[in-house]
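Presented below is the structure to which this report refers.
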Amino acid sequence: MQAHLKQTYNYAFLDEGSKKEIRRTTLKAIAIPGYQVPFASREMPIGRGWGTGGLQLTLSLIGDQDCLKVIDQGNDDSVNAVSIKKLVQSCTKAEVTTDSERATIIQTRHRIPEVPIRSDQILVFQVPLPEPLRMVEAKERKTKQLHAEMDYSGIWLRLYEDIVKWGKISIGADYPALAHKRYIFAPSPIPRYDLPKLNHADGLFLFGAGREKKIYAIPPYTEIEPLAFDDYPFEVEHFEGCSCRLCGSSDTFLDELFDEKTGQKFYQCSDTGNCRKRQEKRHTP
Amino acid sequence: MTNAETFHHVHDTRKLYRHLLDSMARPGKINDISVLLHKVPETCPCSTGTYVLAQTLLDQQVSFYYYSQEINADDAEHAIEWTTGSRHTASHAADYLFIDTPPEIDEIDSIMQSVRIGTLTEPEKSATIALHVRKLSGADDLALPMVLRGPGINGWHILSADGMNSEWLRLRSERNREYPTGCDFILFDDDGRIAALPRTTRIERRDF
Ligand SMILES: [Zn+2]
């Protein structure tokens, strides 16, 4: 007999009860943009803190017709991304790809692909810390109450203190934003550069936090406002005068790297799939 | 009927979910689930739309309320309980409400006045109402035309329905007044059209 599917696994790993619960939770999350809906997160066969929340969302969605891309800080080939793809392929017949434009589902850690997510694609985020108010309030019961009352004075004060102390807001990645003029949410540790991509987008964004047992969502065409002050507006990272060593791009998010031998600084696209495509384009006249 | 043609509890629930997800993320967008409805057993005592939605959303962790004026309404209720493991309960306590035939205005009022809308702390503890209508259209050509605005909609979107009392919309906007509390709607017809109206959708009735 051909072992095309390992019989020890359910289809898409999770049992149907778990999928149903994740699906019900996701539908609720879409109806309340940016609100963290609790769910009964399952133990997964990958290490904790390696994206079990995102993985559970992906498994609740995926079918044999899907094409999956998994990236870790923009990179398709990281150990984490590869092991997630292997797990999905062991329990479905879904295709995998590094081309974000071919994918129907993209699971990501810490980046949004350079090419905008289309209306027929879903971007799934792995979220380590879903609670944006945790930096000002340690207790879950209290942060829930603050969200309920839309009492966001604590986090605003924290941002104001930042400006007094540093002359700017010091938060880099995971910059808090307001969804649909109601909930402050954590976009996961994406760079500020990626945050505007969530505003009024064509695609659907789902966020899964496994350890904290929360699912939240940003539907398409939803207003996403990064927290900022009139005189200290939100700013994204800039790479003026820099370009990718591999594809020459100067309009993508670049990683700063150092040559081990010479100690020289250079730049490279963080989105490796997109970089590869740009290199190919450059070489075909 | 062969196995391949009957509604599959793994693959077809997932397919339905993906359509439902798309409709919920893009309020008013009609998804076509007719292929899935054709797989529902002919002996099913409820509508095919209610059947596939119940199979996809319900299990022993949640409760449902079923409304129908058909004489076999009790059979439908029991069939849903038996096939999903979910338990039937009163409309004011249910997580999911399936309204399979159009109720009288009094009945709509009593359902909508008591339906769960969650709390400010836990807005997710609210009900979802699956409403069986005669027909849905993405144009304004049916008896109840609606102009939709809000998250998931690029500007505005038109949806119209036959066999949907406007009282649903009036009471929906009353119960959904204090966002984030509110209830979410799923609309479906017998031809396999499905659409959703999450609580964030602002609906303007359009009369011609
Ligand atoms: Zn590059």
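The values are calculated or read from the model by the stated rules, or taken from the named source; none is laboratory data. Since we're looking at a predicted model, the values are computed, not measured. As a convention, Cβ positions derive from the backbone with ideal geometry for all residues, glycine included, and neighbour counts pool all protein chains shown. For accessibility, only protein heavy atoms count, side chains too; no ligands or nucleic acids. Shrake-Rupley method; radii C 1.70, N 1.55, O 1.52, S 1.80 Å.
For the reader, a short list of remarks on this structure follows.
- Remark: B:Gly152 matches the filter, which requires a residue to be within 14 Å of chain A (Cβ to nearest Cβ) and either crowded, with 20+ Cβ neighbours inside 10 Å or hydroxyl-bearing (Ser, Thr, Tyr) (or both).
- In the condition set (1) under 21 Å from B:Lys125 (Cα atoms); (2) touching a residue at least 12 places away in the same chain (Cβ under 8 Å), B:Thr50 is compliant with all but (1).
- The numbered conditions (1) open to solvent by 40 Å² or more (accessible area, probe 1.4 Å); (2) closer than 30 Å to B:Val147 by Cα are all true for B:Glu42 except (2).
- Options B:Thr43, B:Thr13, B:Thr56; residue that is more than 14 Å from chain A (Cβ to nearest Cβ) and either outside any loop (DSSP other than H, G, I, E, B) or of a type in the set (Val, Ile, Thr) (or both): B:Thr43
- In the stretch B:155-188, the residues that are over 19 Å from A:Ile30 (Cα atoms), open to solvent by less than 30 Å² (accessible area, probe 1.4 Å) and not in a strand (DSSP E or B): B:Gly163, B:Met164, B:Glu167, B:Trp168, B:Leu169, B:Leu171
- Criterion: touching a Leu at 6+ places or on another chain (Cβ under 9 Å), polar (S, T, N, Q), outside the structural domain of A:Ile62 (by TED's automatic domain parsing) and modelled with pLDDT of 95 or more - qualifying residue of A:Thr108, A:Thr104, A:Thr143: A:Thr143
- Output for the stretch B:61-97, where each listed residue is surrounded by fewer than 15 Cβ atoms within 10 Å (Cβ to Cβ), out of contact with any helix residue (DSSP H, G or I) (no Cβ under 8 Å at 6 or more places or on another chain) and closer than 21 Å to A:Ile22 by Cα: B:Gly85
- Filter pass, B:Asp100 being free of Cβ contacts under 8 Å to residues at least 40 places away in the same chain and under 14 Å from the mean Cα position of the chain (by Cα): no
- Residue that is nearest to the ligand (Cβ to nearest atom), among those in the stretch A:256-277 that are acidic (Asp, Glu) and open to solvent by less than 60 Å² (accessible area, probe 1.4 Å): A:Asp271
- Checked against the criterion of being away from chain B (no Cβ under 14 Å), hydroxyl-bearing (Ser, Thr, Tyr) and either farther than 15 Å from A:Pro132 by Cα or within 16 Å of the ligand (Cβ to nearest atom) (or both), the candidates A:Tyr193, A:Tyr175 yield just one match: A:Tyr193.
- All positions within the stretch B:120-149 that are of a type in the set (A, V, I, L, M, F, W, C), within 14 Å of chain A (Cβ to nearest Cβ) and crowded, with 17+ Cβ neighbours inside 10 Å: B:Ala127, B:Ile129, B:Ala130, B:Leu148
- Among (1) within 14 Å of chain A (Cβ to nearest Cβ); (2) within 18 Å of B:Ile186 (Cα to Cα); (3) in contact (Cβ under 8 Å) with a residue 24 or more places away in the chain, the one test that B:Ser86 misses: (2)
- When we screen A:Ser188, A:Ser100, A:Ser90, A:Ser170 for residues that are more than 27 Å from A:Leu61 (Cβ to Cβ), more than 14 Å from every other protein chain (Cβ to nearest Cβ) and among the hydroxyl-bearing types (Ser, Thr, Tyr), the only hit is A:Ser170.
- Taken over the stretch A:152-205, the criterion of being aromatic (Phe, Trp, Tyr) and open to solvent by less than 60 Å² (accessible area, probe 1.4 Å) is satisfied by A:Tyr152, A:Tyr175, A:Tyr183, A:Phe185, A:Tyr193, A:Phe205.
- Restricted to the stretch A:225-255, and to residues there that are more than 13 Å from the ligand (Cβ to nearest atom) and not in a loop (DSSP other than H, G, I, E, B), the residue that is nearest to the other protein chains (Cβ to nearest Cβ) is A:Glu225.
- Residue list for the stretch B:15-59, restricted to those being of a type in the set (Lys, Arg) and touching a Leu at 6+ places or on another chain (Cβ under 9 Å): B:Lys15, B:Arg18, B:Arg26, B:Lys29
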